[in-house]
Every structure is written in structure tokens, then in C-alpha cells.
Amino acid sequence: MRKKFIWSIVVFVLLISFYEVMVRGKTVTYMGEDENWRITINSKIKGLNSSYTVVVKYKGIAEIEQLNFNIHPHYEAGLPVLDKDGYYIFECKNECTYYDKESKLLLFMIWKEKNHSIENMDFIELRKMNK
């Protein structure tokens, strides 16, 4: 009788673990903004598949000619191009790396406004949002 009870508990724990990993999944969101930019990172992991979306919104009025940013320690963007509404959206759909350990990320951004020769630089702290 005792062996059956222990076996039942082991099976129950395994089923709960399977549900947590394969069905339920995890999500994390990092957000940050200043007077010029708003950045959101949404990451998901479900089963063995993970994905993330990086959304960058320019809040200024000048036209951006060149943009480059790096989110330390995990995400890099290269040379993105903003759409006409001031958004840049990057999506990684499969086999992406999932990060959720840090409570903060640091965004480093360099941009150049059209018809200006000076490059602007900014650091924005992205904070993990609780869900």
C-alpha cells in the first residue's frame, strides 16, 4: 500500500512538471523609455520552442536617418530601419534564446537625425515587468 502511494505521488509530480514545461510555458516582458524612445521586449517559451519580439518606438518628431542599438547582455539589433510611424519591430519565432534571469537590461542606442551631422547617444534601463 505504501509503495502505491509513493508511486502515485511520483507520477503526480511528473505530470505537474510536464504541464509546467510543455503546456503552460513562461513569458517575460522588459520595458523602458525616456523622452525619445520606448522599448519593449516580450519573450515566451512553450515546450522546447522559444520566441521573442523587440519593439522600438521613436517618440520624437525628427526623421531618423540611422539607428543602431544593443541591449546588454543578450540582444543585438544591427542597423534597424524605423517605419513611417516610428516603429522598429524584430521577431525571432523559433529556436530563439529565452532569458528571464535578470531584473534589468541596459539598452545602448546611437541614432542620427536626418539633415544633422551629430549622432545622438542614449542609455535606457529596461526593467522586468511582473505578470
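The values are calculated or read from the model by the stated rules, or taken from the named source; none is laboratory data. Since we're looking at a predicted model, the values are computed, not measured. Every residue, glycine as well, gets a Cβ built from its backbone with ideal geometry; the counts of neighbours run over all protein chains shown. Please note that ligands, DNA and RNA were not included when accessible areas were found on the heavy atoms of the full protein model with its side chains. Shrake-Rupley method; radii C 1.70, N 1.55, O 1.52, S 1.80 Å.
Taking only region 85-105 into account, find how many residues are closer than 17 Å to Trp37 by Cβ and more than 12 Å from the chain's Cα centre (by Cα).
Let us first name the residues in region 85-105 that are closer than 17 Å to Trp37 by Cβ, namely 85-90, 104-105.
Keeping just the survivors that are more than 12 Å from the chain's Cα centre (by Cα) gives 85-88.
Matching residues across region 85-105 total 4.
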Inset, instruction - Residues being in a strand (DSSP E or B) and loosely packed, with under 14 Cβ neighbours inside 10 Å: count how many of those fall in region 86-124. - result: 9
Inset, instruction - Pull up region 34-77, narrow it to residues that are part of a strand (DSSP E or B) and out of contact with any strand residue (DSSP E or B) (no Cβ under 7 Å at 6 or more places or on another chain), then point me to the one that is least open to solvent (accessible area, probe 1.4 Å). - result: Asn49
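Given the options Lys93, Lys114, Lys59, Lys128, name the one that is of a type in the set (Lys, Arg) and modelled with pLDDT under 85.
On the way: Lys114 fails: modelled with pLDDT under 85; Lys59 fails: modelled with pLDDT under 85; Lys128 fails: modelled with pLDDT under 85.
Only one candidate passes the filter, namely Lys93.
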